[in-house]
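Asks: The structure follows.
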Ligand code: BEZ
């Protein structure tokens, strides 16, 4: 059955470029991003892995671990890592799962046969400290992902995990946020001491509470 938001992220134990990993144990009590790459030694994937590796420090700051996957072997990933370092100016900075038997790809429904019946699409699963799936994205092989967007959405998820807020269109860290509908005006006065503006009764805007 398809994985949906709010589901417990299916657990697995696999070989990776950093040894055998049990997903839930490896996540510990932090956040995690599991993302699939259609194939080793392909151009778009090479740029993605270089760019995510270069920004690893920003994920670390957010207590978030990255783990990639493709249906190639760990040995192949190891050889490809040399090309990533050589061409992208950043060495692979997180584990890559060798999913030759498609165990994880199938578990997470990362192979979409009408797109390609052997390679994965570009899936992204963000998992929270409670091991629940917080976000699912799916891109085709022809479109590389955007690191800024993944960090942006992670900031939004982490903010709304800690405060009763949602983030509006095109929000980025530091912008005003929206007070959740579950919060009454009375409650909002104490929960958001910086104040809020009610543009409509259902659209109340307040400065980002953790800034
Ligand atoms: C790529 O990463 O460039 C790619 C991977 C699989 C199919 C097409 C493109």
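Asks: I need every pair where a residue in region 116-145 that is free of Cβ contacts under 8 Å to residues at least 12 places away in the same chain has its Cβ under 8 Å from the Cβ of a residue that is surrounded by 16 or more Cβ atoms within 10 Å (Cβ to Cβ), sequence separation at least 6 or different chains.
Replies: Every condition considered, the pairs that remain are 117/111.
Table: residues versus (1) within 16 Å of the ligand (Cβ to nearest atom); (2) loosely packed, with under 15 Cβ neighbours inside 10 Å; (3) at pLDDT 95 or above.
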position: 14; (1), (2), (3): no, no, yes
position: 18; (1), (2), (3): no, yes, yes
position: 22; (1), (2), (3): no, yes, yes
position: 35; (1), (2), (3): yes, no, yes
position: 40; (1), (2), (3): yes, no, yes
position: 56; (1), (2), (3): no, no, yes
position: 68; (1), (2), (3): yes, no, yes
position: 75; (1), (2), (3): no, yes, yes
position: 78; (1), (2), (3): no, yes, yes
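Asks: Just give me the residues in region 118-132 being touching a strand residue (DSSP E or B) at 6+ places or on another chain (Cβ under 9 Å) and closer than 23 Å to residue 45 by Cβ, in sequence order. Steps first, answer last, please.
Replies: First, pick out the residues of region 118-132 that are touching a strand residue (DSSP E or B) at 6+ places or on another chain (Cβ under 9 Å): 119-132.
Across region 118-132, the qualifying residues are 119, 120, 121, 122, 123, 124, 125, 126, 127.
Asks: Also, I was wondering about something else. Report whether or not residue 64 is buried (at least 19 other Cβ atoms within 10 Å of the Cβ) and away from the ligand (no atom under 16 Å from the Cβ). Quick ask: steps written out before the conclusion?
Replies: Details: buried (at least 19 other Cβ atoms within 10 Å of the Cβ): yes; away from the ligand (no atom under 16 Å from the Cβ): yes.
It is true that residue 64 is buried (at least 19 other Cβ atoms within 10 Å of the Cβ) and away from the ligand (no atom under 16 Å from the Cβ).
Asks: To continue, here is another question. Answer yes if at least one residue in region 150-164 is at pLDDT 95 or above, surrounded by fewer than 14 Cβ atoms within 10 Å (Cβ to Cβ) and either farther than 23 Å from residue 14 by Cα or touching a strand residue (DSSP E or B) at 6+ places or on another chain (Cβ under 6 Å) (or both), and no otherwise.
Replies: Checked region 150-164: at least one residue is at pLDDT 95 or above, surrounded by fewer than 14 Cβ atoms within 10 Å (Cβ to Cβ) and either farther than 23 Å from residue 14 by Cα or touching a strand residue (DSSP E or B) at 6+ places or on another chain (Cβ under 6 Å) (or both).
Asks: Right, another one. Quick one: which residue in 49, 92, 96 is within 16 Å of the ligand (Cβ to nearest atom), over 27 Å from residue 173 (Cα atoms) and within 18 Å of the chain's Cα centre (by Cα)? Steps first, please.
Replies: Working: 49 fails: over 27 Å from residue 173 (Cα atoms); 92 fails: over 27 Å from residue 173 (Cα atoms).
Just a single option satisfies the conditions, and that option is 96.
Asks: Considering only region 100-211, give the helices (runs of 4 or more DSSP H) lying wholly within it that have at least 2 residues that are outside the structural domain of residue 52 (by TED's automatic domain parsing) and more than 24 Å from residue 21 (Cβ to Cβ). Even if it seems obvious, please write down each step before you answer.
Replies: Working: elements: 103-107, 147-162, 185-191.
Qualifying helices (runs of 4 or more DSSP H): 147-162, 185-191.
Asks: Do we find a residue being away from the ligand (no atom under 16 Å from the Cβ) and farther than 18 Å from residue 211 by Cα anywhere in region 150-164?
Replies: Of region 150-164, the ones away from the ligand (no atom under 16 Å from the Cβ) are 150-164.
Adding the requirement that they be farther than 18 Å from residue 211 by Cα leaves 150.
Within region 150-164 (the criterion being away from the ligand (no atom under 16 Å from the Cβ) and farther than 18 Å from residue 211 by Cα), the answer is yes, since at least one residue qualifies.
The values are calculated or read from the model by the stated rules, or taken from the named source; none is laboratory data. Just so we're clear, the structure is a prediction, and the values are computed from it rather than from any experiment. Heads up, the Cβs are rebuilt from the backbone with ideal geometry, glycines too, and the neighbour counts pull from every protein chain shown.
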